[in-house]
Amino acid sequence: MFTKTFITNSEQETIKLAERFATLAENKDVFALYGTLGVGKSVFSRAFIQKLTQAEEVPSPTFTLVQSYSYGNTEIYHFDLYRLKSPEEVFELGFEEAVYGGISLIEWPEKAGYLLPKDVFKVNITAQNDQRIFEITVSSPDKAARLEKIDAD
């Protein structure tokens with residue numbers, strides 16, 4: 001396990017951090033975004049997606065549960081699993097195809113339970129006053145090497 005921590009002091013800094021992650025993302029990467037309501041999961045996801053796709057509109061998938069965006073030869077999937085009642089409901093959302101064949105950003109990944117892949121970028125976001133603390137944990141050497149390349153500003 002390898003963990004790296006980043007601290008942002010504004011929404012703009014959170015956007016810049018997400019953009020840096022986006023530039024290192026590869027097909028089959030899963031970003032599991034943990035944190036309470038309003039902590040910045042959607043801000044991070046929106047900036048990440050916009051960096052790669054130049055999409056003007058990136059709505060939160062709160063009601064649709066998943067949105068997808070074309071990026072080169074792959075798809076970026078943005079999940080919001082908050083309203084799921086059981087992990088098995090992810091199958092109705094094309095979850096397997098997404099996590100094993102695209103780039104996935106998953107808000108409320110704990111709702112996927114045992115179905116969440118093990119080799120993910122686990123992004124734990126906490127708030128401390130106006131700051132956001134991003135503690136990112138990975139288990140594979142490849143992801144650790146990519147995580148090392150991301151510098152905090």
### Query
Not counting the cut sites, what is the longest span of the chain without chymotrypsin sites (Phe, Trp or Tyr not before Pro) that DSSP labels loop and that have at most 16 other Cβ atoms within 10 Å?
83-153
### Summary
Expected vector for segment 121-135, Karplus 3J(HN,Hα) from phi with 6.51, -1.76, 1.60 and θ = phi - 60°, integer Hz, x for Gly and Pro, equals 7, 8, 10, 9, 10, 10, 10, 9, 6, 8, 8, 10, 10, 9, 9
### Given charges at Cβ of Lys, Arg, Asp, Glu: segment 26-139 dipole, positive-most of Tyr77, Thr64, Pro109
Pro109
### Spacing of the two label points (7 Å from each Cα toward its C-beta) at Ala55 and Glu19, in nm
1.8 nm
### Task
Please check the chain for the longest run free of GluC sites (Glu not before Pro) that are loop-located per DSSP (anything but H, G, I, E, B) and have at most 10 other Cβ atoms within 10 Å.
58-153
### Query
With charges set only on the Cβ (+1 for Lys and Arg, -1 for Asp and Glu), what does the dipole of segment 1-73 come to about its Cα centre, in debye to the nearest 20?
180 debye
#### Entry: Förster-model FRET efficiency, 30 Å R0, Tyr114 and Gln12, C-beta, rounded to 0.05
0.25
### Task
Compute the length gained on full extension between Arg83 and Thr36: take 0.36 nm times their separation in residues and subtract their Cα-Cα distance, giving the result in nm to one decimal.
15.5 nm
### Message
Would segment 57-145 count as rounded, prolate or oblate if I go by the C-alpha gyration tensor, calling it rounded below 1.5 in a/c and otherwise prolate when a/b exceeds b/c, oblate otherwise?
### Response
rounded
### Message
Rounded to the nearest 20 debye, what is the charge dipole size of the chain about its Cα centre when +1 sits on each Lys and Arg Cβ and -1 on each Asp and Glu Cβ?
### Response
280 debye
### Message
Just want to confirm a number: the relative contact order over the chain, from Cα pairs under 8 angstrom separated by 6+ residues, in percent.
### Response
35 percent
### Query
How many nm separate the modelled label positions at Ser140 and Thr3, each set 7 Å beyond the Cα in the direction of the Cβ?
2.2 nm
### Task
Let me know the whole percent of all Cα-Cα pairs from the chain that are separated by more than 19 Å.
49 percent
### Message
How far apart, in nanometres, would the label points at Glu148 and Gln128 be if each is projected 7 angstrom from Cα along the Cα-to-Cβ direction?
### Response
2.6 nm
### Query
Where does the charge balance sit around Val120 when Lys and Arg score +1, Asp and Glu -1, over other residues with C-beta under 11 Å from its C-beta?
+2
### Task
Hey, can you grab everything whose amide H is under 5 Å from the amide H of Gly102? Only 5+ residues off in sequence or another chain; H modelled, so Pro and N-termini drop out.
Lys28
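Read the figures in this text as sums done on the coordinates, not as results from a lab. In this text, all values refer to a predicted model and were calculated from it rather than measured experimentally. Cβ coordinates were reconstructed from backbone atoms using ideal geometry, including for glycine residues, and neighbour counts include every protein chain displayed.
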